[in-house]
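Okay, so here's the structure we're looking at.
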2 protein chains.
Amino acid sequence: MSDELPALPWDRSRRRAVPARIPLSAERIVDAAYTVLDREGFEKLSMRQVAAELGVAVSALYTHVSSKDELFELMYIRLFKDWDLPDPDPAHWRRQVADFARGGLARLRKHRDLARISMIGVPFSPEVLPQMEQLVTLFRVAGLPDRVAGAAGDILSTFIDGYAFEENMWENRRRESAEISWPEMRASLQQFFADLPSDRFPNLVALADHMLPSSEDERFELAVEIIIRGLASFAEEAAEEAGGRSGGSADPGTAGGRGEPDRPGDG
Amino acid sequence: MSDELPALPWDRSRRRAVPARIPLSAERIVDAAYTVLDREGFEKLSMRQVAAELGVAVSALYTHVSSKDELFELMYIRLFKDWDLPDPDPAHWRRQVADFARGGLARLRKHRDLARISMIGVPFSPEVLPQMEQLVTLFRVAGLPDRVAGAAGDILSTFIDGYAFEENMWENRRRESAEISWPEMRASLQQFFADLPSDRFPNLVALADHMLPSSEDERFELAVEIIIRGLASFAEEAAEEAGGRSGGSADPGTAGGRGEPDRPGDG
DNA sequence: CTTTTCAAAGAACACTGTTCACCACGCGAG
DNA sequence: CTCGCGTGGTGAACAGTGTTCTTTGAAAAG
């Protein structure tokens, strides 16, 4: 990172040029904030905790970070560092969209309560533009009409954030109440549905087995598949319309996802 | 509510049986909390503010409400009071699902920052079960396979909450920064996309007109339509499978939404 | 009437984000 | 080498927060 040479004892000009304590910086503050977040959770993430983590006075933070909100903003931006999306491929746009969604969720899961911070961040920060561009490109080559291609990324991201947020909620609830495992919790909730009065809630009782996701990711995968199929329907529609109007000037292999080789099976 | 008779002046046993000040109750605390929420917003909604609204000491609240979290829970439950869903109609399930989504969003919009509180609430409270039952029923009569019908309500609600939450975020940002109107903000953001370097962000520039929703509800309507089409695709799939296997024992008018009379146009 | 009971009050505790006067220390100027 | 100077860390303070505990007052019960 730094090309600093070790200081020779007799070289007075270099003596303590690199001070014993690494200087404070926004970068280091964000690092510490993430450490506190993972250890204590969002609710107990305070400026004082971050300062303590760095062995520094609270007020020292404010020379590098103007407020707690700005600290959140900086933490949010980290989410998009080193996030490279593959080049859009019309033949596999469905899988690529699904992979984007999975990648986004995986990033939000990397730190405790990170989804809370993600939903606070302003979504047009310069750092997110490359991903946005890639995603919009992907939706265009998939054959979506402009107004859908422009909105799809936002819609998908909104869902991902919302999903991660609720996942967080459950995790925190589990953490503070008796620490029972997810399978146990799932079983008891399933029982709750099965035990409902079947005259008033016949369908909840009938579907008790399906009201809770069976694995950690099943529900997310299903949701993403639903959204992708919905998008595909718009692509088909656009392809039909273009085909009917101009006699198929668009490459038919480009638009419309149904029946493409990457159509995933269940799970 | 109460069958209290008017107090006669000479009846000492009834004197002040109904005290001059209406007694405190969880109900009244929730009322006051909503008043404070609308006036001050979520960030400044504190137990002290609520107590002040009621002209009462802070500690008095804690005899009716065990914590601020429980107050949030009670506020959350209010969301579902008097929310009647129409009886599921297989012929119009698409419109009914869309109406459910619109109704949910409308409820979240009824109070400032309400989405923040909605995302905190535990989703299996007894108060929400009737709506859940109606929704699951609707998805079943639409012909969705069980595992999709069981998840669809949760997925849709997650999206609605996430959408309302982000809408809140924007509204608050607008409120605190110069109060510029939404059309103005939209125009400047649109310009932001149009002015991006077109060598690095060709598609964002090309779709600058479509990156922001043109009206308040356009993006939400589109998202709901995408989800409904995705669900419909599962219904079709199930109908085909059932048709191929058992020779069409299921009522063909029940399953599969494509081409039904309520398929909405754009808008 | 007295006694019991229980909701409301008030003060206190341990926190929070943020600001401000102070001060030490490394740097360049002289 | 010495002298200001300014950057950046310090500690105290302010105005809040959620929550708890003890005290009080007034209504209900006996």
Shortest first and in nm, the label-point separations between A:ASN172 and its counterparts in the other identical copies (7 Å out along Cα→Cβ) come to 1.3
Quick one: label points 7 angstrom along Cα→Cβ at A:ASP84, distances to the other copies in nm, smallest first? 6.0
Considering only the label points, 7 Å along Cα→Cβ from Cα, what distances in nm to one decimal separate B:ASP146 from the same position in each other copy, shortest first? 4.8
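Short version: what are the Cα gyration tensor semi-axes of the stretch A:118-183, square root of 5 times each eigenvalue, largest first, in whole Å?
Numbers: eigenvalues 224, 39, 15 Å².
Output for the stretch A:118-183: semi-axes of 33, 14, 9 Å.
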With all distinct Cα pairs included, what does the Kirkwood hydrodynamic radius of the stretch B:26-78 come out to in Å, to one decimal, could you say? 10.7 Å
So how many Å³ per residue does the convex hull of the Cα atoms of the stretch A:160-250 work out to? 143 Å³
Provide a whole-number value for the mean count of partner chain Cβ atoms within 10 Å of the Cβ atoms in peptide A:135-147. 3
Here the tail fraction of P(r) beyond 12 Å, over all Cα-Cα pairs of the stretch B:43-105, rounds in percent to 76 percent
The stretch B:84-193: radius of gyration over Cα atoms, expressed as a fraction of 2.2 N^0.38 Å: 1.30
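Quick one: what do you get for the stretch A:85-129 if you divide its Cα Rg by 2.2 N^0.38 Å? Could the numbers behind the result be given before it?
Details: Rg = 12.8 Å, N = 45, 2.2 N^0.38 = 9.3 Å.
Rg over 2.2 N^0.38 Å, computed on Cα atoms: 1.37.
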Which residue in B is nearest the B/A rotation axis when you measure from the C-beta atom, and what is the distance in Å? B:GLY162, 1
As straight-line cross-link partners of B:LYS81, the qualifying lysines (C-alpha separation under 21 Å, not fewer than 8 residues apart within one chain) are B:LYS68, B:LYS110
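Quick note: the coordinates plus some simple rules give every number you see, no bench work behind them. A quick note: this is a predicted structure, and the numbers were derived from the prediction, not measured. In this analysis, Cβ positions are derived from the backbone assuming ideal geometry, glycine residues included, and neighbour counts consider all displayed protein chains.
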